[in-house]
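Take a look at the structure below.
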Amino acid sequence: MKRRSIITLSSSIIRCQKLDSMFVSVRQISSGGKRSKKKIYHRDYQLDKVMDLQKKPSLILQLKCIIQSQNHQRLLLRDLEEEVGFVAKWNFMSIIEKYPSIFGVGGGCGKELPFVTLTGKAEKIAREEGEARNLMEPILVKNLRKLLMLSIDCRVPLEKVEVIGNELGLPHDFKKSLIFKYPEYFSIKVINGRAYLNLENWDSLLAVTAREERFARERVLQSAGGQNKVRITKDGNYLGPFAFKMCYAAGFRPNKSYLEELEKWQKMEFPSPYLNARRFEVADPKTRKRVVAVLHELLSLTMEKRMTSAKLDAFHSGYRLPSKLVLCLIKHHGIFYITNKGARSTVFLKEAYDGTNLVDKCPVLMFNDKFVALSGRNETSSGNVMKYT
């Protein structure tokens, strides 16, 4: 192994093939025969906490959907195991018992079997979901188009869209309610026996990233001509049209040389993520920075600005993501954060959160918060409805 600045990870900490396990530190080898230095991957305990805070709300919302899918919107308790499995059943039974303001239990007398249903107050709020879904539809159409525009051939395997359907906020019947409803935007084509979601037309107005929109709102692009005199701040942020928002963990203290290198990187131009990746050399530093922008944009298209690393890596070939995706995410830890909380490691877009709170929320997440609030829990995150143009 050459003594250049390279990063190695202990196999006991992370397995790059599955991207399921997590890491605590990485070892950076310095050049010139110096001793190896251990570089700590600083935890963001607020983002770790997000994963813990969403567990019970997730169960509440899942049970709501199960009940609503039943005849007469009531679920026989004996059928709960069939719906969620033997182990998970006990978690849901605990939720039913703990939140009588949301779930009511009936039956059990005579021949009537015990069942669970939504309370009157919960049913009233649940009826508002339809309006939230209507408000969400144009957002979903726009985001699906952008998702396809980011890919090399403006198409994505249909099963991969289904895999990240929950992250995008797609309804279960999205093929009928969205794809077939908008034939001017989407089509499903079978290529070599595989179904693909295909983009029907390109819209240059959509080829603007969330990063660029943020800078436009802050009026940075208009004043970019005078930014050469502005040095990078101690938190790594630089006001420029090609810069990314940096949100380093509290324990990270960059030294002068780190900030100098970061300033060069922040100032460096790079091609738009919406340009075809085939046009660029993989080894070009500008291309590598473009990959960071692609990852940033992919996460920006999700409702909660996060996705499991395994799902993110599933888009490797269609978006020309780096072969060592985890190493790329670690290197840019001011932009992304990987937590091992939960069943799978999850990648966060750090700028989207203020502590444990998601800064901007879409209509569906606003509805979810309102429904879960019936339990008496504080909202897991707060924010405003996303502003899309």
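The values are calculated or read from the model by the stated rules, or taken from the named source; none is laboratory data. In this text the structure is predicted, and so the values were computed from the model without any measurement. Positions of Cβ are backbone-derived with ideal geometry, glycine not excepted, and every protein chain shown enters the neighbour counts. SASA here: full protein model, heavy atoms, side chains in, ligands and nucleic acids out. Shrake-Rupley method; radii C 1.70, N 1.55, O 1.52, S 1.80 Å.
Just need a number here: residues in the range 143-166 that are open to solvent by 20 Å² or more (accessible area, probe 1.4 Å), touching a helix residue (DSSP H, G or I) at 6+ places or on another chain (Cβ under 7 Å) and closer than 27 Å to residue 367 by Cβ. Residues that pass the stated criteria total 2.
Exactly one residue out of 123, 128, 82 is touching a residue at least 60 places away in the same chain (Cβ under 8 Å), under 16 Å from residue 65 (Cβ atoms) and of a type in the set (Asp, Glu), and it is 128. Scanning the range 95-109 for residues that are part of a strand (DSSP E or B) and open to solvent by less than 30 Å² (accessible area, probe 1.4 Å) gives 103, 104, 106. Screening the range 335-389 for residues that are among the small types (Gly, Ala, Ser), at pLDDT below 95 and buried (at least 19 other Cβ atoms within 10 Å of the Cβ) and picking the one that is nearest to residue 171 (Cα to Cα) gives 381.
When residue 316 is tested against (1) crowded, with 18+ Cβ neighbours inside 10 Å; (2) assigned by the TED database to the domain that holds residue 237; (3) within 18 Å of residue 144 (Cα to Cα), exactly one condition is not met: (1). Evaluation of residue 254 against the conditions (1) touching a Gly at 6+ places or on another chain (Cβ under 7 Å); (2) crowded, with 19+ Cβ neighbours inside 10 Å shows that the sole unmet condition is (2).
Scanning the range 110-133 for residues that are at pLDDT 95 or above and assigned to a loop (DSSP other than H, G, I, E, B), we see that the one that is least open to solvent (accessible area, probe 1.4 Å) is 119.
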